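Asker: Following this message is one structure expressed as structure tokens.
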Amino acid sequence: MFDDTRSTLSNHAQTTVRGPVESPGTDGFAITAFVMGLLGVVPLALGFGTRALIRIGRNGRDGTGLAIAGLVLSVLWIGAGLVAITPQHATGAATAPDSINAMAIGDCLDSGADGAQVSPVACDLPHDEQIAARVDVGNGYETYPGRTELQEPAQALCRIAAAAFFTEGTPPPSIGFAAHVPTESSWKAGGREAVCTLRQVSGKLTAPVRP
């Protein structure tokens, strides 16, 4: 009886097959999620990536990294899309009144109905005004006197500057002028100049005003 048992155990040991355990392979959903993420097909990448992580947790297959990469790429695509559709402040958008102080003589702009805000515009496009000169209106004032108080000396000085802009010393009948005085904020920052501009008496300018 003892010998028979030894014989049986011996035969069992001899017939046991040992070898490396085969890998269960990479989950197909994980691969699909990664490819869809690269291509920017966000709904499919999100769907396959989520399903892949659930499946891998159950079947033990490889592909966790691919599934996560697909999800991350989807998030990046969504972020890029939101940036693309978010309105951006383009050059020439309405700016604060003080922004005219950063513009150069010869630059053109739209100033709106009340002139409170300016927008830089190319001079070969229709525009309201063209900067002709800057004049000092700060003499005699220790504190900001107000825009109304500054308007009178600014108008007088800009009338002279507008005439001096033209070679013959006289603006054409179709051209008028305007004076943009410093705001209180620009005055506190040291601004003491009014900006003198040329404008069409009726309608808009459609080209640069030449001396």
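Every read-out reported here was derived from the displayed coordinates using simple, explicitly stated rules and does not represent laboratory data. Quick caveat: nothing in here was measured; it's all calculated off a predicted structure. Reconstructed Cβ throughout: ideal geometry from the backbone, glycine too, with neighbour counts over all protein chains shown.
Asker: If you add up the charges near R58, with Lys and Arg at +1 and Asp and Glu at -1, over every other residue whose beta carbon is less than 15 angstrom from its beta carbon, what do you get?
Answerer: Around R58, the surrounding residues sum to +1.
Asker: Moving on. Which net charge results when you count Lys and Arg as +1 and Asp and Glu as -1 among the other residues whose beta-carbon is under 10 Å from that of K204? Intermediate results must be reported in sequence, preceding the final value.
Answerer: On the way: positive: R199; negative: D110, D128, E129.
It works out to a net charge of -2.
Asker: How charged is the neighbourhood of I160? Take every other residue with its Cβ under 15 Å from the Cβ of I160, and add Lys/Arg as +1 and Asp/Glu as -1.
Answerer: Charge balance in the 15 Å sphere: -2.
Asker: Same structure, new question: Would you mind classifying segment 102-211 by shape? Square roots of the alpha carbon gyration tensor eigenvalues, ordered a ≥ b ≥ c; an a/c under 1.5 is rounded, otherwise it is prolate if a/b is larger than b/c and oblate if not.
Answerer: It is prolate, given that a/c is not under 1.5 and a/b is the larger ratio.
Asker: Here is a further query. For segment 165-205, which GluC sites (Glu not before Pro) are both in a DSSP coil and crowded by at most 16 other Cβ atoms within 10 Å?
Answerer: Those satisfying the criteria are E168.
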